[in-house]
Amino acid sequence: MADRKVTPLEFEQPLAMLAQQIEALEKQMGEGVNPELEKDLNRLNQQYDQLKRSLYGNLRGIDHLALARHAQRPYTRDYFDRWDPQWVELHGDRQGCDDPAMVAGLISLKGYRFIGIGTQKGRSIRDKQHCNFGMPQPEGYRKALRLFRHADKFGLPVVNLIDTPGAYPGLHAEEHNQAEAIAVNLRELSGLKVPVIAVITGEGGSGGALAIGVANRILMLEHSVYSVISPEGCASILCRYADKVAESCAAMKMTAKEIRDLGVADEVVPEPLGGAHHDYEFAAEKLGEVLLKHLAELSKLSPPELKKDRHDKFRRLGAFLESNEPIGA
Amino acid sequence: MDLKEWFANRKKKQESVEVKQPLSTEEYCALWTQCHLCRELLYTRDLRQNLHVCPKCQYHFRIGAEQRIEQLADPDSFVELDANLASADPLGFVDSEPYAKRLKDASRKSGLRESVVTGTITLNQTPIAVGVMDFGHFGGSMGSVVGEKVARLIEEAQKRRVPLIIISSSGGARMQEGILSLMQLAKTSAALQAFHEEGLLYISILTEPTYGGVTASFAMLGDIIIAEPGARVGFAGRRVIEQTIRQKLPADFQTAEYLLSHGQVDMVVERARLRETLSQIIEFHKGNNPTPLSPSNGKKGEAIYSR
């Protein structure tokens, strides 16, 4: 089985050990037929499947986080390449910079055209550094903004793939006003007259994720996470211990299902068992299907309706009480 | 008394000496305030008369929402909006303390229900919608209530077609409400988009300190952005950046003056001149009165000047 070649995560260790045993047994089997061994092998294989199902059926927040951050997880380019092998990449913010952490292009998915935009993490070490680990600079957000306007002009839908730890806390980013870059994106996205779909494919990190995340539909892959601050940040600020990451993952309710239950995400897109990194083709195919379904639904709305739909979606979000009790009671 | 005893007594005396707290006892602080910057001891009543600005070094103290409104509005013109909105605990969030308890403690300390106060005022007789954040309540953090109140304020301003002023002071989004806090960035920005399309004026005032989600939404979306002298404004905090890039940052990094020199704000205005500056800007944006100047290209002039 090809999926056993994937680097196992910490919580996947029991599964990996079982896989090792099976492999060793299979090697022995190759040397000669032995009915005793065959029985053992069947039993182990059954056990493996059972363990796999129960393991992935009961994931904690921090396990989803580990899967969302898996080094072999498919990134934006992997999806674009599979959806449209001939997709045309577009570069630059037209103001002096092209941010490699923000990828954009013209994509035709089964004949349906849209502008694809997404954060890119990078695979090799050099690549990761080049992409700043998926953390765009303000220029990256402005590149996305330029293409939102492009899409608006030509009536093309926008699909944003989000997999970023967040905005980059750096000197350059602050000097070039990343807060403004994000804020303007939020405002302009809410005013677009074309369908916008945002997909959290991995990590949805705070403002950096939201900067391309204001959409008519928010989809989340099964093991993706979306949070207001990184769980490490939350742990170090609130609990004063950076090692309380598991607790803050649970407290913040950041997994796809929890985010859907809070009314923020519209749909959770299933991944191959064990995570999208086990089968890129399946992950891209499945996400493509769901995207087309939503794009078809949205294409029935008129431009003003699309804008209103998006505005109303975010206008509703929030939980508060009307209280007449005296303050501090 | 032998020598041993004498030493023991002396030691006991030394240990039991009461250490007087130099500045923190309450009655002392009520009368006197020490300037955070130049360490000058200031008589609190004088300080208040000087709009909470140190007369010696011009340090602008953080002030609460109530005082801000008092300094800005025509006397007795403030009418509060949505005063009854209160935070829920949508996640049932517990860290070292439950969120519900933290909320109560914050209210007891600040005397406010939430970290923003919204309403309408008149400023030199011009009606204005105004929102003021108070850092003293929960670090001015933005949760669902702040987002909702700000969005409602923007909609109210739009309905009445009056200028909007928001004075920001915040540590950012409120972690205890998780993703719903983050969504308030989108909610307030979307409300501003509609306001923006109506061609109405929004002035954003940045005060010490404004960070995170508030900076990355309505605070940076002003048609005109004003910062108070010395106010620290940014997205990521200084300490986080220093830890990330592992180098010292310039001393004036993220101060109002630094922002001005990096093109991020229109002006830095001291508190004493804020009211008159706002009044002037708002008056200017009422546009040209068609009577004294007749438009050069004739006929359709009214349409041009009507705003």
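The values are calculated or read from the model by the stated rules, or taken from the named source; none is laboratory data. Worth saying up front: this structure is predicted, and the values here are computed from it rather than measured. Here the Cβ is made from the backbone with ideal geometry for all residues, glycine too, and neighbour counts use every protein chain on show.
Could you tell me whether the stretch B:170-187 includes any residue that is surrounded by fewer than 24 Cβ atoms within 10 Å (Cβ to Cβ) and of a type in the set (S, T, N, Q)?
First, pick out the residues of the stretch B:170-187 that are surrounded by fewer than 24 Cβ atoms within 10 Å (Cβ to Cβ): B:171.
Imposing the further condition that a residue be of a type in the set (S, T, N, Q) reduces the set to none.
Checking the stretch B:170-187: not a single residue is surrounded by fewer than 24 Cβ atoms within 10 Å (Cβ to Cβ) and of a type in the set (S, T, N, Q).
Please note which strands (runs of 3 or more DSSP E) are completely contained in the stretch B:33-93 and include at least 2 residues that are outside the structural domain of B:Met142 (by TED's automatic domain parsing) and either of a type outside the set (Ser, Thr, Tyr) or surrounded by fewer than 18 Cβ atoms within 10 Å (Cβ to Cβ) (or both).
Strands (runs of 3 or more DSSP E) meeting the threshold: B:41-43.
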Original post:
If a residue has to be within 12 Å of chain B (Cβ to nearest Cβ), aliphatic (A, V, I, L, M) and either touching a strand residue (DSSP E or B) at 6+ places or on another chain (Cβ under 7 Å) or surrounded by 14 or more Cβ atoms within 10 Å (Cβ to Cβ) (or both) to count, how many in the stretch A:270-329 make the cut?
Top reply: 4
Original post:
Which of the following residues is away from chain B (no Cβ under 14 Å), surrounded by fewer than 24 Cβ atoms within 10 Å (Cβ to Cβ) and within 18 Å of A:Glu297 (Cα to Cα): A:Ile107, A:Ile115?
Top reply: A:Ile115
Subject >> Residues that are buried (at least 24 other Cβ atoms within 10 Å of the Cβ) and acidic (Asp, Glu), drawn from the stretch A:183-211 >> reply: A:Glu203
Subject >> Matching residues, the stretch A:212-252, being surrounded by 24 or more Cβ atoms within 10 Å (Cβ to Cβ), at the interface with another protein chain (Cβ under 8 Å from one of its Cβ atoms) and either of a type outside the set (S, T, N, Q) or under 21 Å from A:Arg315 (Cβ atoms) (or both) >> reply: A:Gly213, A:Val214, A:Tyr226, A:Val228, A:Ile229, A:Cys234, A:Ala251, A:Met252
Original post:
Just checking, how many residues over the stretch B:88-109 are within 7 Å of chain A (Cβ to nearest Cβ) and touching a Phe, Trp or Tyr at 6+ places or on another chain (Cβ under 6 Å)?
Top reply: 2
**OP:** Would you check if there is a residue in the stretch B:126-148 being over 19 Å from B:Ala86 (Cα atoms) and of a type in the set (Phe, Trp, Tyr)?
**Re:** no
Original post:
Would it be correct to say that A:Arg142 is assigned by TED's automatic domain parsing to the domain that holds A:Gly170, at pLDDT below 95 and either outside any loop (DSSP other than H, G, I, E, B) or closer than 19 Å to A:Leu189 by Cβ (or both)?
Top reply: no
Original post:
How about the stretch B:190-276: which helices (runs of 4 or more DSSP H) wholly inside it have at least 3 residues that are surrounded by fewer than 22 Cβ atoms within 10 Å (Cβ to Cβ)?
Top reply: B:238-245, B:256-261
Original post:
Restricting to the stretch A:170-179, what's the tally of residues that are crowded, with 21+ Cβ neighbours inside 10 Å and facing chain B (nearest Cβ under 7 Å)?
Top reply: 4
Original post:
Within the set of pairs 6 or more residues apart or between chains, which connect a residue that is in the same structural domain as B:Ala100 (by TED's automatic domain parsing) inside the stretch B:110-126 to a residue that is assigned to a loop (DSSP other than H, G, I, E, B) and of a type in the set (Phe, Trp, Tyr) with Cβ atoms less than 7 Å apart?
Top reply: B:Gly119/B:Phe78; B:Ile121/B:Phe78
Original post:
Which of (1) in a helix (DSSP H, G or I); (2) modelled with pLDDT under 95; (3) under 30 Å from A:Asp312 (Cβ atoms) is the odd one out, the single condition A:Arg187 does not satisfy?
Top reply: (2)
Original post:
So is B:Val150 in contact with a strand residue (DSSP E or B) (Cβ under 6 Å, 6 or more places away or on another chain) and either closer than 19 Å to A:Pro326 by Cα or among the polar types (S, T, N, Q) (or both) or not?
Top reply: no
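Condition check ((1) within 30 Å of A:Gly111 (Cβ to Cβ); (2) at pLDDT below 95; (3) in a strand (DSSP E or B)) across all residues:
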| residue | (1), (2), (3) |
| --- | --- |
| A:Leu156 | yes, no, no |
| A:Ala167 | no, yes, no |
| A:Val194 | yes, no, no |
| A:Thr201 | yes, no, yes |
| A:Ile218 | yes, no, yes |
| A:Glu232 | no, yes, no |
| A:Ala242 | no, yes, no |
| A:Glu247 | no, yes, no |
Subject >> Single condition A:Leu189 does not satisfy, out of (1) of a type outside the set (D, E, K, R); (2) at the interface with chain B (Cβ under 9 Å from one of its Cβ atoms); (3) touching a Ser or Thr at 6+ places or on another chain (Cβ under 6 Å); (4) in contact (Cβ under 8 Å) with a residue 60 or more places away in the chain >> reply: (3)
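Name the one entry in B:Gly172, B:Gly140 that is more than 9 Å from chain A (Cβ to nearest Cβ), at positive phi and touching a helix residue (DSSP H, G or I) at 6+ places or on another chain (Cβ under 8 Å). Spell out how you get there, then give the answer.
Details: B:Gly172 fails: more than 9 Å from chain A (Cβ to nearest Cβ).
Only one candidate passes the filter, namely B:Gly140.
Return a yes/no flag: does the stretch A:91-99 have any residue that is assigned by TED's automatic domain parsing to the domain that holds A:Val245 and closer than 22 Å to A:Ala284 by Cα. Walk me through it before giving the result.
From the stretch A:91-99, those assigned by TED's automatic domain parsing to the domain that holds A:Val245 are A:91-99; that's our starting set.
Checking which are closer than 22 Å to A:Ala284 by Cα leaves us with none.
So far as the stretch A:91-99 goes, no, none of its residues is assigned by TED's automatic domain parsing to the domain that holds A:Val245 and closer than 22 Å to A:Ala284 by Cα.
Can you name every residue in the stretch B:186-195 that is within 16 Å of B:Leu153 (Cβ to Cβ) and either free of Cβ contacts under 8 Å to residues at least 24 places away in the same chain or under 22 Å from the mean Cα position of the chain (by Cα) (or both)?
Of the stretch B:186-195, the ones within 16 Å of B:Leu153 (Cβ to Cβ) are B:187-195.
Those that are within 16 Å of B:Leu153 (Cβ to Cβ) and either free of Cβ contacts under 8 Å to residues at least 24 places away in the same chain or under 22 Å from the mean Cα position of the chain (by Cα) (or both): B:Lys187, B:Thr188, B:Ser189, B:Ala190, B:Ala191, B:Leu192, B:Gln193, B:Phe195.
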